[in-house]
Amino acid sequence: MAQDRLGTGIATLTLNPALDLQTAVDVVEPENKLRCDAPRQDAGGGGVNVARVIRRLGGRAPCLLPLGGPAGQALQSRLAAEGLEALVVPIAGETRQSFTVLDRSRQAEFRFVLPGPRLSAREVSALEQALERLDPCPGVLVLSGSLPPGFPPARLSRLAARLRRRGVRLALDASGEGLKAGLEAGGWMVKPNRKELGDCLGRELPDRDAHLAAARGLVAAGRAQWVALSLGQDGALLVGNGFAAYSPALPITPVSTVGAGDSFLAGLSWELSRGAAPEAALATAVAAASATLLSPGSGMARRADIRRLRPQVKVEVLEGAGARPR
Ligand SMILES: Nc1ncnc2c1ncn2[C@@H]1O[C@H](COP(=O)(O)OP(=O)(O)OP(=O)(O)O)[C@@H](O)[C@H]1O
Ligand SMILES: [Mg+2]
């Protein structure tokens, strides 16, 4: 990733991908056999979801990910079937599966999430090397999703610092120790939700003033250039140096909330990577997230829904109208 080959494109990194199995049943209850519908299989994991939505927005984002075992192979063939580019680092462990069951009687989704395989030190190094070899070198790397068991958060800090030195802008959606590690390294963008940011800062964030103060504090301390704080049905806030904007949520009754955060991050990072104004990027993020709420299971945003919803999104610039992204 030589500096003179700095790209403008996006790539995604998914450290703990999952093969998503989805099905439906009349009612989820104990003891009885639950006769489910034929399952649907999808490639899943934060970075994979982000790449899928970027594609639906009209862009492309190669997915870098560790895969192993039959579930890993199935995941890879699902990616290929969707036309998503995969850069696979083979691992010894078996890629995890996630299981989502729609209970029709309650119209409620039950999501069973397994921990995923432990990566060896050698496998983590292989992932880092694959990142270095990405060609063309991406302008933005989106890292989204959980860390695999045993993955040291310090390694994430190191990775973030290394990317920064090479001029790759890191957009991070992580929680807990992962978010802390990313903020310590001072990346380009973080996208916590309210609870994740509150947990990280060790205080509640009850209202708009608290949200703004927390995001501005991180930017002022050099912890991130952009803080995108997503607030579920209360909308989202985007804060950068000398810039702040708020976008209320669209009035939508979600069919499924799976992947809303990833879709938001996809819209935001894709637009900013293309040099869009931050308020326009925020609007696309909200449109993509809202479109995902209309897709069942882990289906993610449909192109037509994003297009239809985008003009309905309102953005209130609180500070620094006309700011350009860096
Ligand atoms: N119930 C809802 N009604 C309307 N819009 C919503 C709702 N939930 C989420 N959104 C939209 O999706 C965006 C991202 O959602 P949210 O803040 O829930 O992300 P998240 O907590 O990271 O989600 P995820 O569970 O995917 O990690 C919000 O900023 C908002 O625009
Ligand atoms: Mg999230």
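The values are calculated or read from the model by the stated rules, or taken from the named source; none is laboratory data. What you are looking at is a predicted structure, and each value in this text was computed from that prediction instead of being measured. So basically every Cβ, Gly included, is an ideal-geometry build from the backbone, and we count neighbours across all protein chains shown. Note: accessible area is taken over every heavy atom of the protein model, side chains too, but ligands, DNA and RNA are not part of it. Shrake-Rupley method; radii C 1.70, N 1.55, O 1.52, S 1.80 Å.
Return the carbon/sulfur percentage of the accessible area of region 1-118, one whole number, probe 1.4 Å, all protein chains in place.
It is 51 percent, rounded to a whole number.
Please name which of Pro39, Leu250, Thr100 has its Cα lying farthest along the dipole of the chain towards the positive end, using unit charges on Cβ (Lys, Arg +1; Asp, Glu -1) and the Cα centre as origin.
Projecting each Cα onto the dipole axis, the largest value belongs to Leu250.
Out of residues 5 or more away from Glu319 or on other chains, whose amide H comes under 5 Å of its own, with H placed 1.01 Å from N in the peptide plane?
The answer is Ala244.
About the Cα centre of the chain, what is the dipole size in debye to 20, counting +1 per Lys and Arg Cβ and -1 per Asp and Glu Cβ, all else neutral?
For the chain, the charge dipole is close to 780 debye.
Per-residue counts of other Cβ atoms within 10 Å, averaged by peptide: what ranking do you get for 155-165, 212-222, highest first?
Put in order of decreasing packing, that is 155-165, 212-222.
Can you tell which of Leu237, Ile10, Ala224 lies farthest toward the positive end of the dipole of the chain, using +1 and -1 charges on the Cβ of basic and acidic side chains (Lys, Arg; Asp, Glu)?
Ile10
Can you pull the percent of region 155-300's accessible area that's carbon plus sulfur, 1.4 Å probe, other chains left in place?
Taking all protein chains in place, region 155-300 shows 49 percent carbon and sulfur surface.
HN-Hα J couplings of region 242-253 from phi, Karplus 6.51/-1.76/1.60, θ = phi - 60°, integer Hz, Gly and Pro as x?
Coupling constants for region 242-253: x, 9, 8, 9, 10, 10, x, 5, 6, x, 10, 8 Hz.
How big is region 56-191 along each principal axis, measuring the range of its Cα positions in Å and listing the largest first?
Computed over the Cα atoms, the extents are 52, 35, 30 Å.
For a test of the definition: using alpha carbon positions, the gyration tensor, and the 1.5 limit on a/c, classify the chain as rounded, prolate or oblate.
It comes out oblate by the Cα gyration axes.
Excluding ligands, DNA and RNA, what is the solvent-accessible area per residue of the chain at a probe of 1.4 Å, expressed in Å²?
Roughly 44 Å² per residue, with all protein chains present.
Quick query: amide H of Ala18 versus all other amide H atoms, modeled in the peptide plane; which residues come in under 5 Å with a sequence gap of 5 or more or a different chain?
Close amide H contacts, sequence-distant or interchain: Gly44, Gly45.
On full extension of the chain, what length is gained from Arg60 through Asn32, given 0.36 nm per residue of separation minus the C-alpha to C-alpha distance?
5.6 nm
Considering the alpha-carbon set of region 123-180 alone, what are its Rg and its Dmax in angstrom?
Cα radius of gyration and Dmax of region 123-180 are 11.2, 31 Å respectively.
Would you mind working out the magnitude of the charge dipole of region 1-115 relative to its Cα centre, with +1 at each Lys and Arg C-beta and -1 at each Asp and Glu C-beta, to the nearest 20 Debye?
With Lys and Arg at +1 and Asp and Glu at -1, about 260 debye.
Take each complete run of DSSP H in the chain, measure how far its Cα atoms stretch along the helix's own axis, and keep only those covering 15 Å or more with mean Kyte-Doolittle hydropathy at least -0.5; list them.
46-56, 69-82, 121-132, 208-220, 260-273, 278-293
What is the set of long-range amide H partners of Val142 at a cut-off below 5 Å, with H atoms built 1.01 Å from backbone N?
Ala11, Thr12, Leu13, Ala171
Among the lysines, select those whose C-alpha is under 23 Å from the C-alpha of Lys314, and discard any that sit fewer than 8 residues away in the same chain.
Within the straight-line limit of under 23 Å, Lys314 reaches these lysines: Lys191.
Rounded to whole Å, give me the distance from the Cα center of region 105-143 to that of region 67-94.
Each part's Cα centre sits 11 Å from the other's.
Rank Val28, Pro136, Ser120 by how far each Cα sits towards the positive end of the charge dipole of region 1-160 (+1 on Lys, Arg Cβ; -1 on Asp, Glu Cβ) and give me just the farthest.
Pro136
For the chain, what does the helix formula give at 222 nm: sum of -39500 (n - 2.57) over DSSP H segments with n ≥ 4, over the residue count, nearest 500 deg cm²/dmol?
It comes out at -11000 deg cm²/dmol, rounded to the nearest 500.
So which lysines can Lys195 reach, going by Cα to Cα under 21 Å and dropping same-chain residues fewer than 8 places off?
Here the lysines satisfying the reach criterion relative to Lys195 are Lys180.
Relative contact order, percent, of region 135-229 when contacts are C-alpha pairs under 8 Å separated by at least 6 residues?
Contact order relative to length: 26 percent.
Which aspartates and glutamates have a Cα lying under 19 Å from the Cα of Lys33, excluding residues fewer than 8 positions away in the same chain?
Asp103, Glu109
Could you tell me which GluC sites (Glu not before Pro) in region 150-204 are loop residues by DSSP with no more than 15 other beta carbons within 10 angstrom of their beta carbon?
The qualifying sites are Glu204.
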